[in-house]
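The block underneath contains the structure these notes are about, expressed in C-alpha cells.
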Amino acid sequence: MKNGHIWKDTDGNAIQAHGGCIIEHNGKYYWYGENKGADNCPGTSRVDVIGVSCYSSDDLVNWKYEGLALKADKDDPKSPIHPSKVAERPKVIYNEKNNNFVMWLHLDDASYTFGGVGTAVSESPAGPFRLIAARQPNRQDSRDMTIFKDTDGTAYLLHSKDWNKTMNIARLNEDYTDVDGMYVSVMQDQEREAPAVCMHDGMYYMVTSGCTGWSPNSALYAESKYIMGKWKLIDNPCEGKNSRRTFNGQSTYIFEVNGKKYLMLDHWVREDLKTSGYSILPIEFRDGIMTIPWQDEWNGAK
Ligand code: GAL
C-alpha cells in the first residue's frame with residue numbers, strides 16, 4: 001500500500017476511515033474512521049456526516065469493510081450526529097470490566113462552535129454503536145482529540161481546548177463512558193492538535209500537529225514521565241522527504257504491534273475530502289528520541 005495515497009478495501013472500494021484508529025481484539029485488527037465517502041458540500045471543505053466506518057483485518061494490509069459502526073442520524077435534525085453536523089476523529093477502546101467497546105469522537109456543528117465530544121457504546125467491535133452522550137468534557141471545549149488506554153487499564157481523553165490553544169488530559173471513569181473530573185492542562189498556549197499518544201520504556205510520547213486546518217504543518221512530539229504530569233515539547237520527529245510538513249499529512253493515532261509502535265497519518269485533500277490518503281509509519285526510538293522516518297510503502301507490521 002503506497003503511503004500518502006487512498007487505499008482500497010478487499011472489495012476494491014476506497015477505504016473511508018479518516019481521522020481514525022486501529023485496535024486489536026482477539027487476534028483481529030479493527031480500523032475505525034470518518035466515512036467521508038461523498039462529495040464535499042458545494043463550496044465548502046466539509047462532507048455531510050455519514051458515520052464511522054469499521055474495517056477488519058488479520059494482517060493490517062487487507063481490510064474488509066464491516067459497515068458503519070456508528071451511523072449518522074438522518075431523521076432528527078437536532079441529533080448531534082445529524083448529517084448537517086461534524087463527527088471527526090473516532091477512537092475506540094475495549095472495556096474489560098463491561099466487555100464492551102466504547103467510542104469517543106469529536107462532535108461539532110458545521111461552523112465548529114459547539115466543540116464537544118460524543119461517547120458511544122457497543123457490545124461487538126463492528127457495532128452498531130449507540131450514542132449515549134454529546135458534551136463538553138469537564139465543561140471545557142474540545143476539538144481534535146484522542147483516547148489513550150494506559151497499561152493499568154486507566155483511559156484518558158486528550159483534547160485541544162480553549163479554541164485549540166491548550167491540550168487537556170482528562171481521566172475517564174471505569175466504564176470509559178465519561179470523564180471522572182480529574183484533568184490537567186498541558187502545553188499551554190502551544191496551539192497543538194491531532195494528538196496521538198504512546199508509551200515506550202516508561203516514557204509517554206505525544207505527537208501533535210500545529211493548527212492549520214486541512215493544510216499540513218510541522219509535527220512536534222512532547223514527552224512526559226507521567227501521563228498527567230508536565231509534558232515537554234521536544235522537536236519534529238519526522239525524518240526524510242517532506243518531513244517539515246509531516247510528509248504532507250497529519251497525525252491521528254499510534255497503535256502497537258508486538259511492542260513496536262506505528263503512527264497513522266491522514267493526507268487531507270481539502271477540495272475533495274473523500275480522496276484523502278493514508279500512511280502508516282513505524283516509530284523508532286533512538287536513545288529515547290522519537291524518530292519517524294518516511295517509508296514509501298506500508299506492508300504490515302514486520
Ligand atoms: C483540522 C483537524 C481536522 C478537521 C479540520 C477541519 O485542524 O485536525 O480533524 O477538524 O481541521 O478544518
Which residue is nearest to the ligand (Cβ to nearest atom), if the candidates are limited to the range 112-125 and must be within 17 Å of the chain's Cα centre (by Cα) and part of a loop (DSSP other than H, G, I, E, B)? G115
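Just to be sure before I move on: is D287 away from the ligand (no atom under 15 Å from the Cβ), open to solvent by 60 Å² or more (accessible area, probe 1.4 Å) and at pLDDT below 95 in the structure I sent? Full working, then the answer.
Numbers: away from the ligand (no atom under 15 Å from the Cβ): yes; open to solvent by 60 Å² or more (accessible area, probe 1.4 Å): yes; at pLDDT below 95: yes.
In short, yes.
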Filter the range 149-200 for residues that are in contact with a strand residue (DSSP E or B) (Cβ under 9 Å, 6 or more places away or on another chain) and free of Cβ contacts under 8 Å to residues at least 12 places away in the same chain; the one that is least open to solvent (accessible area, probe 1.4 Å) is N173
Taking the range 102-111 on its own, how many of its residues are surrounded by 16 or more Cβ atoms within 10 Å (Cβ to Cβ) and either within 12 Å of the ligand (Cβ to nearest atom) or closer than 25 Å to S45 by Cβ (or both)? 6
Sole residue being within 16 Å of the ligand (Cβ to nearest atom) and in contact (Cβ under 8 Å) with a residue 24 or more places away in the chain, chosen from N40, N99: N40
List, please: which pairs have Cβ atoms under 6 Å, are six or more places apart or on different chains, and start with a residue in the range 214-226 that is closer than 21 Å to E88 by Cα and end with one that is of a type in the set (A, V, I, L, M, F, W, C) and in a strand (DSSP E or B)? A219/V207; A219/C238
Filtered residues of the range 201-232 (kept if hydrophobic (A, V, I, L, M, F, W, C), open to solvent by 40 Å² or more (accessible area, probe 1.4 Å) and within 20 Å of the chain's Cα centre (by Cα)): C211, W214, L220, M228
Look at N164 and say whether it is more than 24 Å from A222 (Cα to Cα) and in a loop (DSSP other than H, G, I, E, B). no
Which of the numbered conditions does E271 fail, given that it passes all the others? Conditions: (1) surrounded by 16 or more Cβ atoms within 10 Å (Cβ to Cβ); (2) among the acidic types (D, E); (3) outside any strand (DSSP E or B). (1)
I need the full set of residues from the range 265-275 which are under 14 Å from E34 (Cβ atoms) and away from the ligand (no atom under 13 Å from the Cβ), in order please. K274, T275
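The values are calculated or read from the model by the stated rules, or taken from the named source; none is laboratory data. As the structure is a computational prediction, the values presented were derived from the model and not from experiment. Here Cβ is always computed from backbone atoms with ideal geometry, including for glycine, and neighbour counts include all displayed protein chains. These accessible areas exclude ligands, DNA and RNA; they are computed on the full protein's heavy atoms, side chains included. Shrake-Rupley method; radii C 1.70, N 1.55, O 1.52, S 1.80 Å.
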